[in-house]
Amino acid sequence: MIPSDQLTLGYISYLNCVPFFQYLKQQGFKGRLVAGVPSSLNRMLQQGELDASPSSSFEYALHAEKYCLLPDFSISSTGPVNSVLLFSPFPPEQLVGHAIALTSESATSINLLRVLLLEFFGHSAVSDFVPEGTVEEEIAGGSPGLLIGDRAMAQARTLPEGMRIYDLGGMWYEKTGLPFVFALWILRRESARNKAAAISNVLDQLGAALGRSLADLRLLAENAGFTGPDVDYCADYWRGIDYSLTDKHRSGLSLFFELCAKHGLLDKAPALRFFPL
């Protein structure tokens, strides 16, 4: 049994989270890790089954009254992110009237696509749906679709004829000049109050684990079990991700929330509140 002062952390089972977690236990973390896709970890955060998790930034906006944020860390892009991709036979401005197949794994990416189309590409409404089959099947059939994470990168390697790739992180940066924050380290306020010492410890542990990871990305890939050409592929991918949370990141995040509220995707844009409360 995990002592009451130790933490249960969510772990997004995507390549982009490896730098946070590969060396975390070696830095002294003795709590529990629970793996899952963003949507499942969001539910667990809401229900109090996790103390903290790197999770969808839109999840914070939906339930900001329950949460605060760990400072300094995010999963962001300043330009293309290479793992949040719209596959379409048409450019974004020509998608009016075309339904876009969506993965249900990340509310942040879905609403980023909606904001981009509504705010910057002349759409008055966006038609999208979660297919009964897979998004990959829709893309193979010539329909536009949004994929994230490892599935997006795999689809990009086997692009159907006539399909184009639109990187949502790159599109956001081109239109706003700001980073896009896909995921934040979200912390339940209850845990922030009741386990403050453990949270302070895990901040130090995360910083040390991330620093070790970023210091040698090829070694990180090898230690994570990758071999051959995949080692350089992973290292190149991680170089394109921004794991910090600076004032510019906060400005980009606030703008995203404001545009979501403007277009009816949020009731209101939440304030950003950080640990310690």
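Observations on the structure shown:
- Of the numbered criteria (1) assigned to a helix (DSSP H, G or I); (2) surrounded by fewer than 14 Cβ atoms within 10 Å (Cβ to Cβ), the one GLY225 fails is (1).
Results for (1) open to solvent by 40 Å² or more (accessible area, probe 1.4 Å); (2) of a type outside the set (Asp, Glu); (3) in a loop (DSSP other than H, G, I, E, B); (4) at pLDDT 95 or above, shown as yes or no for each residue.
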position	(1), (2), (3), (4)
ALA209	no, yes, no, yes
ASP232	yes, no, no, yes
LYS248	yes, yes, no, yes
GLY252	no, yes, no, yes
CYS260	no, yes, no, yes
ASP267	yes, no, yes, yes
PRO270	no, yes, yes, yes
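- Among the residues listed as GLN6, GLN46, the single one being open to solvent by 10 Å² or more (accessible area, probe 1.4 Å), at pLDDT below 95 and more than 30 Å from GLY225 (Cβ to Cβ): GLN46
- Top-ranked residue in the stretch 175-200 [being within 20 Å of SER55 (Cα to Cα) and among the polar types (S, T, N, Q); ranked as least open to solvent (accessible area, probe 1.4 Å)]: SER191
- Qualifying residue in the stretch 14-22 (condition: outside any helix (DSSP H, G or I), over 12 Å from the mean Cα position of the chain (by Cα) and surrounded by fewer than 24 Cβ atoms within 10 Å (Cβ to Cβ)): yes
- Hits in the stretch 99-152 (condition: open to solvent by less than 60 Å² (accessible area, probe 1.4 Å), in a loop (DSSP other than H, G, I, E, B) and of a type outside the set (Gly, Ala, Ser)): THR103, GLU105, PHE121, HIS123, VAL126, PRO131, THR134, PRO144
- Within the stretch 225-236, residues that are under 16 Å from ASN82 (Cα atoms) sit with their Cβ atoms under 6 Å from residues that are not acidic (Asp, Glu), at 6+ positions apart or across chains, in these pairs: CYS234/ALA221; CYS234/PHE226; ALA235/LEU217; ALA235/ARG218; ALA235/ALA221.
- Residue in the stretch 92-102 that is at negative phi and under 16 Å from the mean Cα position of the chain (by Cα) present: yes
- Of the residues making up the stretch 41-91, those that are in a loop (DSSP other than H, G, I, E, B) and within 17 Å of the chain's Cα centre (by Cα) are HIS63, THR78, GLY79, PRO80, VAL81, ASN82, SER83.
The values are calculated or read from the model by the stated rules, or taken from the named source; none is laboratory data. Owing to the predicted nature of the structure, the values given are computational and were not obtained by experimental measurement. All Cβ positions, glycine included, derive from the backbone under ideal geometry; neighbour counts span all protein chains shown. To get the accessible areas, we keep the full protein, side chains included, count just its heavy atoms, and leave off ligands, DNA and RNA. Shrake-Rupley method; radii C 1.70, N 1.55, O 1.52, S 1.80 Å.
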